[in-house]
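Below is one structure, written out as structure tokens, with a few remarks after it.
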Amino acid sequence: MAKSSFLSSTRAIPERSGVPRHLAIIMDGNGRWARKRFLPRVAGHSRGVETVRNTIKLCIERGIPYLTLFAFSSENWRRPPDEVSFLMQLFVRSLQKEVERMHENGIRFRVIGDLSRFDATLTDMIREAEALTANNTALELTIAANYGGRWDILQATNRLLASGEFDGEVTEAALTPYLSMAYAPEPDLFVRTGGETRISNFLLWQLAYTELYFTDTLWPDFDEKAFDAALTSFGGRERRYGRTSEQLTSPTPDPDRQSGNA
Ligand code: IPE
Ligand code: IPE
Ligand code: MG
């Protein structure tokens, strides 16, 4: 992929395509899915793992190279302790079960977020899975765990300030390499299942020009049809990045790129 694909969307206009290069999803609605069936909330989380597996498969089939899934927010520690510990165990079990298969399918696996609050067992498994899959290219899968958009911006700022490269001014160009998703283009499409229309402290910086898609479908019900409906909605959007509609039909060069800012 061309290096220019990874430029910040507020500094240069990204290359366009009908299919998102990067899909970022807030997987919400597991608890309600379970409650509707008179099951404990955690049964919804278990079912949600199946949707994760199916969504990964669909991304590979549709040619989407980057998939980022919000699995646990920095605010989810506020949930009942039993639910938090179930989610941690589910994470461990899913890694044990899926890492080999992901590797065989050429998936590169990464976790973003503040891992310092996790058990050593879990962080070791994450690091091992990241190392094992580091050369895979079929799909770049990122799991956001104990992730918060504000945490990300602050950790990036602090690392920049401590880097020795800081020259007195925090700029976009200086900061973005320190953000936890610096290896990926900014998301083209954001999907939130479960009916809520908020960002809940997900990728705040990176979503600046992302197309947002909200659906009432609960995460365990987010099947191929629901997935394709999101892609169809994305395909019909006009991404202007600040320009007028007319400029898109008779393209003029991007002034940012011309002035060498890109
Ligand atoms: C999303 O489903 C999963 C996590 C936040 C871990 P929820 O558990 O938030 O489900 P609802 O929103 O209560 O239905
Ligand atoms: C957002 O869902 C976080 C994840 C899906 C991991 P929540 O269910 O925690 O969000 P709020 O609390 O409704 O905003
Ligand atoms: Mg929720």
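The values are calculated or read from the model by the stated rules, or taken from the named source; none is laboratory data. All of these numbers come straight from a predicted model, not from anything done at the bench. Every residue, glycine among them, receives a Cβ derived from its backbone with ideal geometry; neighbour counts consider all protein chains shown. These area figures cover heavy atoms from the full protein model, side chains too; ligands, DNA and RNA do not enter into them. Shrake-Rupley method; radii C 1.70, N 1.55, O 1.52, S 1.80 Å.
When the helices in the chain are scored as -39500 (n - 2.57) per DSSP H run of 4 or longer and the sum is shared across all residues, what 222 nm value do you end up with, to the nearest 500 deg cm²/dmol?
Values: 9 runs with 105 residues, N = 262.
One gets -12500 deg cm²/dmol as the mean residue ellipticity at 222 nm.
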Checklist entry - Can you give the angle from 0 to 90° between the axis of helix 149-162 and the longest principal axis of the chain, with both taken from C-alpha atoms, to the nearest 10? => result 60
Next on the checklist: At 7 Å along Cα-to-Cβ for each site, give me the label-to-label distance between Ser250 and Glu238 in nm.
Outcome noted: 1.5
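Taking R0 as 22 Å, what's the FRET efficiency between Trp77 and Arg150 from their Cβ-Cβ distance, rounded to 0.05? If you can, show how the numbers build up before the last one.
Details: r = 15 Å, r/R0 = 0.67.
Efficiency, rounded to the nearest 0.05: 0.90.
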Checklist entry - How far is the Cα center of segment 203-236 from the Cα center of segment 3-54, in Å? => result 7
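Between beta-carbons, use under 14 Å as the cut-off and find the net charge around Thr249, counting Lys and Arg +1, Asp and Glu -1.
Numbers: positive: Arg16, Arg239, Arg240, Arg243; negative: Glu238, Glu246.
Summing Lys/Arg as +1 and Asp/Glu as -1 gives +2.
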Checklist entry - Nearest 10 degrees, 0 to 90: what angle lies between the long axis of helix 120-132 and the longest principal axis of the chain (Cα atoms)? => result 50
Checklist entry - In nm, to one decimal, how far is the modelled label at Leu39 from the one at Leu115, with both set 7 Å along Cα→Cβ? => result 3.0
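Heavy-atom accessible area per residue, segment 199-243, 1.4 Å probe: how many Å²?
Values: 2130 Å² over 45 residues.
Averaged over the residues of segment 199-243, the accessible area is 47 Å².
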Checklist entry - Within segment 98-128, what residues put their amide N at less than 19 Å from the label point 7 Å along the Cα-to-Cβ vector of Ala162? => result 112-118
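Which value, in Å³ per residue, describes the convex hull spanned by the Cα atoms of the chain?
Details: hull volume 36.7 nm³, N = 262.
Taking the convex hull of the Cα positions in the chain, it is 140 Å³ per residue.
Within 10 Å, count the other beta carbons around each residue, average over each peptide in 218-224, 191-197, 94-100, 173-179, and list them highest first.
Details: 218-224: 20.7, 191-197: 18.6, 94-100: 14.9, 173-179: 17.0.
Highest mean packing first, the order is 218-224, 191-197, 173-179, 94-100.
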Checklist outcome for this item: Quick calc: nm separation of the 7 Å Cα→Cβ label points for Lys57 and Glu100 -> 1.9
